[in-house]
1. Of all helices (runs of 4 or more DSSP H) completely enclosed by the stretch A:394-485, which ones contain at least 1 residues that are over 23 Å from the mean Cα position of the chain (by Cα) and away from ligand 3 (no atom under 16 Å from the Cβ)?
2. Please verify whether the stretch A:40-51 includes one or more residues that are outside any helix (DSSP H, G or I) and more than 13 Å from ligand 1 (Cβ to nearest atom).
3. Quick one: which helices (runs of 4 or more DSSP H) sit completely within the stretch B:208-270 and have at least 1 residues that are closer than 17 Å to residue B:37 by Cα?
4. Return the pairs, sorted by first residue and then second, in which the second residue is of a type in the set (Val, Ile, Thr), the first residue lies in the stretch C:32-45 and is farther than 18 Å from residue C:168 by Cβ, the beta carbons are less than 7 Å apart, and the residues are 6+ apart or on different chains.
5. Is it the case that the stretch B:238-248 has a residue that's more than 23 Å from residue B:9 (Cα to Cα), within 14 Å of chain C (Cβ to nearest Cβ), in contact (Cβ under 8 Å) with a residue 40 or more places away in the chain and surrounded by fewer than 24 Cβ atoms within 10 Å (Cβ to Cβ)?
6. Looking at D:220, D:275 in this structure, which one is closer than 30 Å to residue C:32 by Cα and of a type in the set (S, T, N, Q)?
7. Check every one of the strands (runs of 3 or more DSSP E) wholly within the stretch D:70-154 and list those with 2 or more residues that are over 15 Å from the mean Cα position of the chain (by Cα).
8. Do we have residue B:46 as within 14 Å of chain D (Cβ to nearest Cβ), surrounded by 24 or more Cβ atoms within 10 Å (Cβ to Cβ) and within 20 Å of residue B:184 (Cα to Cα) here?
Amino acid sequence: MNETLCDLRGVDKSFGENRVLKQLSLSLPAGSVTVLMGANGAGKSTLVKILSGVHARDGGSITLMGREFAPASPSEAIRAGVVTVHQNINDGVIPDLDVASNLLIDRLAEPGYGFFLKRRQNYAEAERIASQMGLALNVRQPVAELGVADRQLIAIARAMAHDPRLLILDEPTSSLSASEAERLFLLIERLSAKGVAVLYISHRMSDIRRIATRIVSMRDGEISGLFEGDTLDYEGAVNAMLGQRMSDAVISIPAPGKRVLEISGLQLIEGARPFDFNLAENEVVAVTGLLGSGKSAFAQSLFGLDQPVSGRIRIDGQDYRVRTPQAAIARGVFMSAKDRANNAVVADFDITRNMTLPFLSRYAKLSFVSRAKERRTANDMIEALSIVCQGESDSIGTLSGGNQQKVMLARWLAEECRLLLLDEPFQGVDIRARRDIGRKIRETAKNRGTLVFVSELDEALEVADRIIVMSEHSVAAEFRNENVDLNEILTAVTGAVPPAGAARTAHA
Amino acid sequence: MDLAIRYGFLALLVGLVVFFSVFANGFAGPRSAVFIFQSVAITGILALGVTCTLVVGGFDLSIGSVATSSMMLAAYMMVVLEQSAFVAIIACLAMGALIGLINGLLIVKTKVPDLLATLGMMFLLVGLQRIPTEGRSIATGMTLPDGSTAEGSFSPLFLQLGRHRFDFMLDNLLPAPVVFLVVIGLLVWVFLELTRHGRLMYAIGSNERAASLTGTNVNRYKIVAYMISGVLASIGGMLLAARLGRGDIASGTNLLLDAVAAALIGFAVLGAAKPNAFGTSMGALFVGILLQGLTMMNAPYYTQDFIKGLVLVIALVFTFSLSARKSGGH
Amino acid sequence: MDLAIRYGFLALLVGLVVFFSVFANGFAGPRSAVFIFQSVAITGILALGVTCTLVVGGFDLSIGSVATSSMMLAAYMMVVLEQSAFVAIIACLAMGALIGLINGLLIVKTKVPDLLATLGMMFLLVGLQRIPTEGRSIATGMTLPDGSTAEGSFSPLFLQLGRHRFDFMLDNLLPAPVVFLVVIGLLVWVFLELTRHGRLMYAIGSNERAASLTGTNVNRYKIVAYMISGVLASIGGMLLAARLGRGDIASGTNLLLDAVAAALIGFAVLGAAKPNAFGTSMGALFVGILLQGLTMMNAPYYTQDFIKGLVLVIALVFTFSLSARKSGGH
Amino acid sequence: ADMPAPLDKPGDVKIALVRYLSTGDFFQAYLSGVEKQAAALGVDLRVLDSRQDAALQADMVDQAIALGVDGIIIQHGLTESMKEAAQRAVDAGIKVVAFDVDVQNPAVPQIEQSDYLLGKLALEQAIEDNGTEWKAGYVYVPGIAPLDRRHVAWEEVKKANPGIEEVAQIGTLDNPIANSNANQARSVLQANPDISVFFAPYDEFAKGVKIAVDEAGMSQDIKIYSADVSTADISAMREPDSAWAATVATNPAVVGEVSVRALAIMLTGGDPGKQVVVPPTLITQTFLVDNDIKNMEELSAKMPQFAHADVAMTDWMPLPDR
Ligand SMILES: Nc1ncnc2c1ncn2[C@@H]1O[C@H](COP(=O)(O)OP(=O)(O)OP(=O)(O)O)[C@@H](O)[C@H]1O
Ligand SMILES: Nc1ncnc2c1ncn2[C@@H]1O[C@H](COP(=O)(O)OP(=O)(O)OP(=O)(O)O)[C@@H](O)[C@H]1O
Ligand SMILES: [Mg+2]
Ligand SMILES: [Mg+2]
């Protein structure tokens, strides 16, 4: 079962001056799940893009099933059996088409499909693919109406249904919570049992532990470690990828300061149970819960994007009711939104301009922006969050996914505020950077309240003093991050869940 | 409210028809209906071409000039070069396809933004079509730049393309261009809605990168879209030539704007909020009905523009504000 | 290659100037330079307006008709209503701002797509501007619809807007419209490139949602962009009125197309690949130089269109294919 | 006056004006002439406007037939597209006259303002003023029927006078027409400062050339000769030092009146003749200044042959009030 399916020898790739892949060699055996680990900007996605026909390599050779493989376009790669789920979720779905078309788009693109659409057959096939993935979606619904998690699941479902020989998943779980991820893992196992080679990229140790049969560590465009065998050396892999040991995160809960946020009887949507919540200065609280449990709805209602049905919010003792982000920011409430590609990244701008966007007036006199001043801030933040780039005037699109995420966080950390809301701040961020950012968040938390909305429990444990669990758009449980019983939290997260997908369809 | 979004525009259309039938003498009746169709046939065909480019997220500003070039070419082939109708038609279709191909290649290969590429093509064609005759219109007996006289003439067969009338309910009721419009409209509709190619073209228009990453040959479809647009525009130009019986340099100036208007109005039909063949046809019809009705009510030409604009704006506000309210939120 | 991308277009511009200086009698010299500027002043000012709407990701198809409406309004105010130049100017500016506001509100509040909203506005204005005079041009002594005679006349002060010449190097060299163009160009450039408002407008054009989530009042900036566009178009219309000395019935379609061409060519200047004020000005200048040079070489008008298109396409292919190759990929 | 049948009951008589061109002062004035004469007769007038869409214009003739009109005036258009439409109307027993378009039909009288004469008279005046040795600029856009006919006069005059040298030709119909032509004329003047006469046989062209001449500061050195006239043209010609020396024109309103009168004669069974030519009038700058003429009304008053053309007249024909 373990013959080599795909073999890379001395692959090189540069973007201008930046040498991203350096003489990289790697082989992917059939029937195994190779996890590729590497810090942000190590070159993982670049490797993926070469395999999937998006970029052409500068040098080296690749063979697929013994034959030379140099796909000139994604469609060539797909036809050769290399199917990819890309890191950027927006690259995976077509918003104006319905779910069924999205699930079948690669088949429509195949010459053998025939001229006319087979509507009924398509819907049936789409239902089948969706149910295999456990997707309880109306396949006639336009994807534009779905959230980021569903979009990710659609892209994954399509790839898995394609009968790939080599399946590449670039951070497929970045927007998924535990139960969806588990369904994904079961499917991956089934495919790999059928002899499919899987290349899996992730920063989540829990995923890696669960799924990996081999681990390849990558650092600065080179392979820095290969771990195989019955018992995998996870710690070794991490060290190989970082080039150093990583210390454990230790949370010491500081004394909370004065109360910042007071919430009473907040009802997020019609039919949800109202809840109370308080937050003090110097407190970092993680909000977790399943997909669609209302985390984002909670964050958005604090940022003026959604209007809660009823309830009272006070900030520093004063009534707080805002209708626009602008008004929220004016009251000292900042939010870093999830789904950075849609909600945060300004693709035409460089790093500096992206960072200073919300507080541009601070860098402007009489409306004239001081480039020097904003560059200084940008450079400070690049250093503080160790953003991998050539310089502060790099176009944001040339950064790796994780580094883009750091820029989006830097945007909001550059200024003092009363209440900081971070929705999925660690999406695509590598473990060390996550730790660094977590530390940074905690260090600067003294004069504000901080709410971090994460769907992964590890992330919550690493950053928070308190963890609250949401379910059905209400608070279901609360834990202090001291000697917590993981199982207890997990039960709280999953225990109150309605059957999979019910929450989603309820609001569709 | 869903109903209002889906059928609001069509209701408006019906309302207009009823209004004019009551107040405009001679508006109701099959002849008048055919006349309206006839008056929008050429614009409608061009608008269907633009629709195809809009579907792949592009825009074709060159259609008006492709149509007039095709008109001039048809006339040149028959009147100056004394070729048959068949040769003239083939030449026009080939030219339309070629221009579409060039537009497509410019956009796809050299990455020139579509508005720019087709705008450049527009200027280029506007000049080019006048060079062979040094800016003169082409008609039998015209003097050529070299001093000789053009002896050829439009073949009767070719003229029938624009002038033949089929019997339909009444004798001699249905003009050939209307038949062309209906057939082309149906073909484009079927192509866009019912075939996999149409679906992939919509996919490209919605998210080009994702479509490409899932194996769609984005470049090829884009080029095809511009070629369809070019060919349809050249058909429109031939119909124009057949109706006029000459290559007239002054005709066809409004084709571009009217076709674009029809295609854009199509967004509002059935709440599609995207380019679609049915909507485009309705959009063309809408403008035709409005102008015909106003003419029958003896409104001066400048009030017609005003009312066209006003009704357009009101219809759009109505449709889009409703569908915006429906999709709700921010 | 970077150099070619950045300076390719400007090199082409310089090349044109050298070419015409050698081959076109009377092309070189300050007077010639000045009237080239003068010939592009109005288009250029309109193009700067479109640029602002392009920056926020919109498009203003109504500028041509706003300009002609403003021309008619200025003439109407002075000739028919016998108002002063000052009142006429204020009225025109207010009209431009109002139309921009309506365009903006249509797009922002009722979510009508920009092309559609401004196209509707275009038709509406083309009709509207003709209603007060029933389609006649406005000139002193004209007969009004009610049979009386218009006694007012263009105030000399107003005419100076289009005709005054400042001394600059030579006596009476620099016409007022050129000064307007340069000043407005500078203002728009400063606004877009150096102020935070310009920065936010670019952010909106690139990712509207991200801009909104960072606290930008997206709607307000969009409306402002359309208002700038409307006001600049109305200034262009006033300069036109001052130059022509009457309110001339014209659709403004060519003004629109030329302004759009200039703004889009601007994408290619300095490798910006996005709307920008400097590029727009260079684009306008480019078209002006080309046309004036060709006219001086006695090229017939249809070859001018052809060459304009050809040079446009070649310049675009050159710039965009280079920058596409630079950014890599296949 | 008592009119012969069917005009004795004019309210029951319906006529249609089917237009090809409508935008611009000339066409607006023509329309007003048609309206005034129709009102004087008391007939019901319908205006069908194809806005420069030749195919639509042909359809509009059919539409007029369907409306059951008694007479049709075809205003401009293309021979090729109107020939058959006119024939269909004639076949339907409708009286048809055509203004400025040759529909090649013996049953359809041609109303004409003689474009050839328009150009000829202007050029004769130019020769009278400047002799037969000059360098000329010329404005022309081929393919526009009236301009083509005026062009014939220009070619003839050039052939007859070898001393007249055309050093530059410009012309565009990009609107605003005057503005675009001003830009072109400006560069031609820059390149050829020795031009002393500009022949611009359409008033929009002349207007543009005049702007260019003024901007170039050459209004003393150049004379412009054109065709057509409007109130705005009169004031441009009267400006101090105006380069616009003369224009030749028929009064478009009068042409409109003549068109209706010719049709009325046909309706009563009369024959206005195969060709009804409205003679043009030479209008010089000197004449305007000497008589202090400021607008078209005053021009009509001071120049009777401009106010009324004694063509297509009968003894019973009512005339519009003046
Ligand atoms: N299109 C591009 N142009 C220029 N540089 C690029 C481009 N794409 C990637 N890079 C650079 O290549 C390097 C590797 O990027 P890549 O996206 O492969 O990283 P990654 O390992 O996937 O990181 P992450 O974990 O953050 O997704 C980064 O330094 C990035 O800045
Ligand atoms: N505007 C909307 N239209 C339709 N459904 C919506 C809308 N907003 C939210 N929903 C649905 O409501 C549910 C709760 O959304 P919310 O984003 O608050 O959940 P969440 O717990 O933050 O989930 P996620 O992990 O995806 O961020 C989601 O399933 C989402 O699809
Ligand atoms: Mg990556
Ligand atoms: Mg969330």
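1. Hits in the stretch A:394-485: A:431-443.
2. No: the stretch A:40-51 contains no residue that is outside any helix (DSSP H, G or I) and more than 13 Å from ligand 1 (Cβ to nearest atom).
3. So the answer is B:218-244, B:255-265.
4. C:45/C:184; C:45/C:235
5. Checking the stretch B:238-248: not a single residue is more than 23 Å from residue B:9 (Cα to Cα), within 14 Å of chain C (Cβ to nearest Cβ), in contact (Cβ under 8 Å) with a residue 40 or more places away in the chain and surrounded by fewer than 24 Cβ atoms within 10 Å (Cβ to Cβ).
6. Being closer than 30 Å to residue C:32 by Cα and of a type in the set (S, T, N, Q) holds for just one of D:220, D:275, which is D:220.
7. D:71-75, D:95-99, D:134-139
8. Spelling it out, residue B:46 is indeed within 14 Å of chain D (Cβ to nearest Cβ), surrounded by 24 or more Cβ atoms within 10 Å (Cβ to Cβ) and within 20 Å of residue B:184 (Cα to Cα).
The values are calculated or read from the model by the stated rules, or taken from the named source; none is laboratory data. If you're wondering where the values come from, they're calculated on a predicted model, not measured in any experiment. Note: ideal-geometry Cβ built from the backbone for every residue, glycine included; neighbour counts use all protein chains shown. Ligands, DNA and RNA are stripped out before the accessible areas are found, and what is left, the full protein with its side chains, is counted by its heavy atoms. Shrake-Rupley method; radii C 1.70, N 1.55, O 1.52, S 1.80 Å.
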